[in-house]
Amino acid sequence: MVRLNLLLLALIVVSSLALVTSQQQARKLYNELQVEQASAKRFEEEIARLQVDQSTWSTPSRIERVARERLGMHAPEASHTRVLGVEASAGGSSR
Amino acid sequence: MSALAGMGGAVRAKPIRLAGWRVVLLTLALVALFGGLAARALYLQGFNTGFLQQKGNSFSKKELVVPAHRGRITDRNGEALALSTPLFQVFVTPRGMQPTPAQFTELAGLLEMKEATLKKTIDASEGEFLTIKPRVLPAVAEKIVGLKIPGLELQRHYRRHYPDAEVTSQLLGITNYDDYGQEGMELAQNAWLAGKQGMRRVVVDNKHNIVEEAGAGRAPQEGRDLALSIDRRLQHLAFRELKAAVEMHKAKAGGAVVVDVHTGEILALANYPTYDPNQRDVVPKDKARNRTLTDVFEPGSTLKPFTIAAALEAGVVRPDTMMQTAPGSMTIGSATIHDAHAYGALTVEQVIQKSSNVGAAKIALMLPPETMWHMLSRSGFGATAKTGFPGEVSGRLRPYRTWKPIEQATMAYGHGISVNLVQLARAYTIFATGGELKPVSLLKTNGDVAGQPVISEKSALAVRAMLEKAVGPGGTAPKAQVRGYRVAGKTGTAHKLEGRGYAAHRYVSSFVGFAPASNPRVIVAVMIDEPTGGEYYGGSVAAPAFSRIVEVMLRAMNVPNDAPLDNVILPPPEAMPVEEDM
């Protein structure tokens with residue numbers, strides 16, 4: 001009887017130590033998860049910000065302004081345009 | 001030994017006996033004490049447990065809001081037209097915050113506020129939530145969190161950006177502080193775009209670090225992206241040309257709509273004047289309105305093709321039937337209809353080409369009111385175009401039973417009826433296709449859409465031929481011609497309504513047409529409200545804008561030419577035709 005009790009006591013001690021360890025482990029892992037989630041959120045925020053940047057830089061009005069003012073481009077005039085028939089353009093470019 | 005043992009035995013054998021009442025008293029006292037403890041335990045555990053657990057949890061358990069972002073609005077090619085980025089609101093809890101002087105200095109620096117100002121703001125909030133700064137960038141917010149000031153908290157929310165700013169403002173609308181749609185497509189499609197915020201239950205330690213997840217929360221539902229029918233490039237081009245036309249003619253306002261003939265999608269929808277939705281503090285009401293859908297106007301001569309189509313369908317005229325328009329005016333009852341020039345006898349085709357009011361009125365009066373009403377009604381007038389846009393109006397088409405002959409006559413050239421610009425553009429799908437009215441959409445659709453047959457293909461093609469003549473050298477709008485393409489269309493110039501009558505010198509100039517005429521791809525409708533630059537005829541105000549929009553559209557869409565590049569023939573200035581409205 002006494003021996004059984006001692007055995008059970010030992011088991012209880014072992015299992016409670018195991019519980020403490022696993023709890024500790026769980027919290028540590030959870031903490032790591034949180035760090036990773038926080039950086040995931042940061043990346044998401046960065047993506048959103050970069051998307052705004054990208055679409056702000058790529059507005060047609062800005063592209064047109066840069067083409068006109070910085071690159072000196074302009075739409076071709078009639079005298080500089082040649083229209084090719086559909087047969088002629090079938091092989092490649094349409095202009 | 002034995003004596004000792006005997007003594008011990010004697011002691012054991014003779015225990016001290018206490019008085020009976022003392023034992024009872026002690027027992028009762030102990031029972032009472034234990035009873036008290038048990039009662040207390042029962043009270044705390046049994047009856048008061050909810051309150052106490054709540055108290056306990058309030059120290060260790062927290063519910064955190066997980067914000068969901070709003071979906072993007074993109075154009076038909078997936079380019080973002082509206083998107084949200086996170087921002088943080090910095091606030092102090094009712095308990096107040098207790099920063100160290102060093103923390104305080106650093107906080108003021110991060111918030112870009114003067115220390116004195118910050119102190120004053122904080123002191124002003126006794127026992128209330130106080131927002132110190134509503135919008136802080138995520139990078140700065142992270143540093144503020146790093147300061148770990150007790151009592152100072154941050155809440156994530158979103159801000160909407162509109163990269164194309166004033167080019168798309170009336171179409172997209174805006175969202176409010178909570179990123180909820182307030183106007184335009186943001187409002188119409190809010191249920192689709194808006195996310196649903198989630199919730200996390202967590203256990204925190206005494207330093208407010210999250211230790212573990214406590215039970216199931218609710219995952220946030222992210223908003224969905226929405227693809228519009230709009231093409232960002234075409235939208236820009238339409239806006240650019242509309243703006244130029246409104247400014248050149250010193251007009252009050254203007255609108256332009258571009259519709260894909262095959263799919264019914266609205267490729268561009270521009271309004272001017274406009275505003276920048278990114279500067280949301282001031283939203284001028286008159287500039288925020290999407291005139292092309294929410295405002296009606298009397299279309300004027302752009303409606304004549306429908307009168308002619310009804311007459312062709314009814315078989316009362318043919319394109320070459322002669323109509324006598326001399327002497328350039330016509331009296332019905334007490335009212336008189338005028339042409340600006342007396343043309344004499346014109347064919348039905350020339351009535352459109354020269355835009356004769358008398359001719360159109362005479363043709364209309366050959367029809368029963370019911371026939372004409374059916375034509376207009378089936379062309380989509382008097383009902384909304386069902387784009388789902390908030391505030392979209394139906395315009396006015398009165399029931400034919402109440403029509404008087406003079407009203408039927410004026411309706412023949414677009415007076416006494418009101419439309420919005422999108423309705424008008426949509427109605428022209430009848431002539432751009434083989435007589436079918438196509439449904440229009442502001443959302444991206446999948447491929448070609450079936451229309452509702454309104455007139456026969458023969459009549460549609462006959463009217464299309466007339467519309468092509470109207471932009472020719474002998475028509476009312478040679479300035480609508482486009483280099484390299486055949487176009488077809490009709491001008492309109494109408495006096496604006498003022499009180500019960502018409503304003504003498506205030507006009508709406510419009511032009512609706514499509515190109516290429518040999519195989520129409522786009523319908524373009526332009527409306528210029530109250531031009532004050534001297535010219536006001538649709539042929540000289542709206543037609544040039546139409547021409548430029550069509551030219552850039554077809555080039556951008558890579559539509560093959562159907563005419564040589566030297567096809568534009570403008571008559572000499574002195575022979576420039578005058579349009580005949582009112």
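The values are calculated or read from the model by the stated rules, or taken from the named source; none is laboratory data. A quick note: this is a predicted structure, and the numbers were derived from the prediction, not measured. So basically every Cβ, Gly included, is an ideal-geometry build from the backbone, and we count neighbours across all protein chains shown.
Can you confirm whether the stretch B:412-434 contains a residue that is surrounded by fewer than 24 Cβ atoms within 10 Å (Cβ to Cβ), more than 26 Å from B:Val317 (Cα to Cα) and not small (Gly, Ala, Ser)? Within the stretch B:412-434, none of the residues are surrounded by fewer than 24 Cβ atoms within 10 Å (Cβ to Cβ), more than 26 Å from B:Val317 (Cα to Cα) and not small (Gly, Ala, Ser).
Check B:Val482, B:Val487, B:Val454 and return the single one that is modelled with pLDDT of 90 or more, under 16 Å from B:Val522 (Cα atoms), more than 14 Å from every other protein chain (Cβ to nearest Cβ) and within 35 Å of the chain's Cα centre (by Cα).
Values: B:Val482 fails: more than 14 Å from every other protein chain (Cβ to nearest Cβ); B:Val454 fails: under 16 Å from B:Val522 (Cα atoms).
Matching residue, one of B:Val482, B:Val487, B:Val454: B:Val487.
Determine whether the stretch B:122-132 contains at least one residue that is touching a residue at least 40 places away in the same chain (Cβ under 8 Å) and away from every other protein chain (no Cβ under 14 Å).
If we filter the stretch B:122-132 for residues that are touching a residue at least 40 places away in the same chain (Cβ under 8 Å), which is where we start, we get B:131-132.
Of the ones still in play, those that are also away from every other protein chain (no Cβ under 14 Å) are B:131-132.
Yes, because at least one residue in the stretch B:122-132 is touching a residue at least 40 places away in the same chain (Cβ under 8 Å) and away from every other protein chain (no Cβ under 14 Å).
Against the numbered list (1) modelled with pLDDT of 95 or more; (2) more than 25 Å from the chain's Cα centre (by Cα), B:Pro531 comes up short only at (1). Across the stretch B:231-250, the number of residues qualifying as under 20 Å from B:Val440 (Cα atoms) and assigned to a loop (DSSP other than H, G, I, E, B) comes to 1.
Considering each residue of the stretch B:251-272, count those that are part of a loop (DSSP other than H, G, I, E, B) and within 22 Å of B:Pro520 (Cα to Cα), and give that number. Talk me through it step by step, then tell me what you get.
Just the residues of the stretch B:251-272 that are part of a loop (DSSP other than H, G, I, E, B), to begin with: B:251-252, B:261-264.
Subset that is within 22 Å of B:Pro520 (Cα to Cα): B:261-264.
Residues in the stretch B:251-272 being part of a loop (DSSP other than H, G, I, E, B) and within 22 Å of B:Pro520 (Cα to Cα): 4 in total.
With respect to the stated conditions, B:Thr85 is in contact with a strand residue (DSSP E or B) (Cβ under 9 Å, 6 or more places away or on another chain), hydroxyl-bearing (Ser, Thr, Tyr) and not in a loop (DSSP other than H, G, I, E, B). The number of residues in the stretch B:271-326 that are of a type in the set (Ser, Thr, Tyr) and free of Cβ contacts under 8 Å to residues at least 40 places away in the same chain comes to 3. Note on the stretch A:64-82: residues that are modelled with pLDDT of 90 or more and either within 30 Å of B:Val568 (Cα to Cα) or among the aromatic types (Phe, Trp, Tyr) (or both) amount to 7. If you go through the stretch B:194-214 and keep only what is closer than 30 Å to B:Thr175 by Cα and in contact with a Pro (Cβ under 9 Å, 6 or more places away or on another chain), you end up with B:Gly195, B:Lys196, B:Gln197, B:Gly198, B:Met199. Return a yes/no flag: does the stretch B:59-66 have any residue that is outside any helix (DSSP H, G or I), at pLDDT below 85 and under 21 Å from A:Glu46 (Cα atoms). Yes, the stretch B:59-66 contains at least one residue that is outside any helix (DSSP H, G or I), at pLDDT below 85 and under 21 Å from A:Glu46 (Cα atoms). Considering the stretch B:64-104, and only residues there that are closer than 24 Å to B:Val211 by Cα and within 14 Å of chain A (Cβ to nearest Cβ), the residue that is nearest to the chain's Cα centre (by Cα) turns out to be B:Ala68. Restricting to the stretch B:231-244, and then to whatever is within 19 Å of B:Val422 (Cα to Cα) and of a type in the set (A, V, I, L, M, F, W, C), can you tell me which residue is farthest from the other protein chains (Cβ to nearest Cβ)? Here the answer is B:Leu242. A single entry from B:Asp164, B:Asp178 fulfils the requirement of being farther than 30 Å from B:Glu128 by Cα and either within 13 Å of another protein chain (Cβ to nearest Cβ) or over 14 Å from the mean Cα position of the chain (by Cα) (or both): B:Asp164.
Here B:Ala515, B:Ala494, B:Ala556, B:Ala563 are screened, and the one residue that is under 24 Å from B:Asn357 (Cβ atoms) and of a type in the set (A, V, I, L, M) is B:Ala494.
Residue-level check: of (1) more than 21 Å from B:Pro531 (Cβ to Cβ); (2) surrounded by fewer than 23 Cβ atoms within 10 Å (Cβ to Cβ); (3) of a type outside the set (S, T, N, Q), B:Val259 misses just (2). A search for C-beta distances below 6 Å between a residue of the stretch B:92-120 that is within 12 Å of B:Leu152 (Cβ to Cβ) and any residue that is β-branched (Val, Ile, Thr) and in a loop (DSSP other than H, G, I, E, B), counting only pairs 6+ apart in sequence or on different chains, returns B:Met97/B:Ile149; B:Pro99/B:Ile149; B:Gln103/B:Ile149.
Looking only at the stretch B:525-567, filter to residues that are of a type in the set (D, E, K, R) and within 14 Å of chain A (Cβ to nearest Cβ); which one of those is surrounded by the fewest Cβ atoms within 10 Å (Cβ to Cβ)? My answer is B:Asp566. Checked against (1) surrounded by fewer than 16 Cβ atoms within 10 Å (Cβ to Cβ); (2) away from every other protein chain (no Cβ under 14 Å); (3) more than 24 Å from B:Leu442 (Cβ to Cβ); (4) not acidic (Asp, Glu), B:Val145 meets all criteria but (2).
Can you tell me which residue is nearest to B:Gly223 (Cα to Cα) among those in the stretch A:37-70 that are away from chain B (no Cβ under 12 Å) and surrounded by 10 or more Cβ atoms within 10 Å (Cβ to Cβ)? By that ranking, first place goes to A:Ala40.
Restricting attention to the stretch B:501-519, the residues that are over 18 Å from B:Ala238 (Cα atoms), in contact (Cβ under 8 Å) with a residue 40 or more places away in the chain and surrounded by 19 or more Cβ atoms within 10 Å (Cβ to Cβ) total 2.
Scanning the stretch B:142-164 for residues that are of a type in the set (Lys, Arg) and either under 19 Å from B:Ala194 (Cα atoms) or touching a Phe, Trp or Tyr at 6+ places or on another chain (Cβ under 9 Å) (or both) turns up B:Arg156, B:Arg159, B:Arg160. Taking the criterion of being acidic (Asp, Glu) and either more than 10 Å from every other protein chain (Cβ to nearest Cβ) or not in a loop (DSSP other than H, G, I, E, B) (or both), the residues of the stretch B:197-230 that qualify are B:Glu212, B:Glu213, B:Glu222, B:Asp225.
Sub-6 Å Cβ pairs linking a first residue in the stretch B:456-469 that is basic (Lys, Arg) to a second residue that is surrounded by 15 or more Cβ atoms within 10 Å (Cβ to Cβ) and not in a helix (DSSP H, G or I), at least 6 apart or interchain, are B:Arg464/B:Ala488; B:Lys469/B:Gly475, ordered by first then second residue.
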